[in-house]
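The values are calculated or read from the model by the stated rules, or taken from the named source; none is laboratory data. Owing to the predicted nature of the structure, the values given are computational and were not obtained by experimental measurement. Note that each Cβ is placed from the backbone with ideal geometry, even for glycine, and that neighbours are counted across all protein chains shown. Calculation scope for accessible area: heavy atoms of the full protein, side chains included, ligands and nucleic acids excluded. Shrake-Rupley method; radii C 1.70, N 1.55, O 1.52, S 1.80 Å.
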Amino acid sequence: MPFGEQPAYLRVAGDLRQKIVDGVLAPHTRLPSQARIREEYGVSDTVALEARKVLMAEGLVEGRSGSGTYVREHPVPRRIARGGYHTLGCTPFRQEQTDERVRGTWESNSEQEAAGSAVAARLRIPVGARVMRTRYVFRAEGEPSMLSTSWEPLEITGRTPVMLPEEGPLAGRGVVERMAAIDVVVDNVVEEVGARPGLAEEAMALGGVPGHAVLVISRTYFAGGRPVETADVIALAARHRVAYHLPVK
């Protein structure tokens, strides 16, 4: 088969990728050696090496020290459901995963900090203004599923019973209910979904591989046009799909 305009290493990687997708190279199967790829496809060692690098970068294979390169097992992607926001009795887990069939727990840690430029822009506050930063690890059916970091301006929540999201009389409730308790009425939520390479600490927390893509849901709650909370929700792209329920009005 002629290579045509496509670089040789991409053609080889594409053929091996298709074998992985079709199950010809099953999970935990050792990938053909560099010498085997060279002989089978009639390419140089450099081309064979680059093809293997492509598959590794795509997360389809993984290297095992002293053993070789093996096809990775890819679980069926979990669904992260996004939809309407509950106003009462909404836990942090349910706030991020609205699929009632999924049971989950969470761990959190809150600390005060000075807002950096990115967070300040999202909350429309001066750089350096004090915010409450809360980090979450969410588990679905006992397995790490999502990470989240939220920021709330202390000029709104400071010295109130809801200053700490996971402590006090409304501990573990969602943003809407907590804000309502201090007479702040949330009336709009904006979300943006993007992707980027995962950081090493994110991959470690979620059981993934550093550098592989993560989904980032950037969410901001508004009250009368004013941002009152903003957060980044992170999940492994290879293991999750984001599904939105958008009712017709």
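Data table
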read-out	value
Heavy-atom accessible surface of the chain: percent carbon and sulfur, 1.4 Å	54
In segment 128-167, the GluC sites (Glu not before Pro) that fall in loop regions by DSSP, at most 16 other Cβ within 10 Å	141, 166, 167
Segment 159-249: radius of gyration over Cα atoms, expressed as a fraction of 2.2 N^0.38 Å	1.32
Kirkwood Rh, angstrom, the chain [1 / mean 1/r, Cα pairs]	20.7
Probe 1.4 Å, all protein chains present, accessible-area order of 146, 163, 56, largest first	56, 163, 146
Accessible area (Å², per residue) of the chain, counting only protein heavy atoms and a probe of 1.4 Å	54
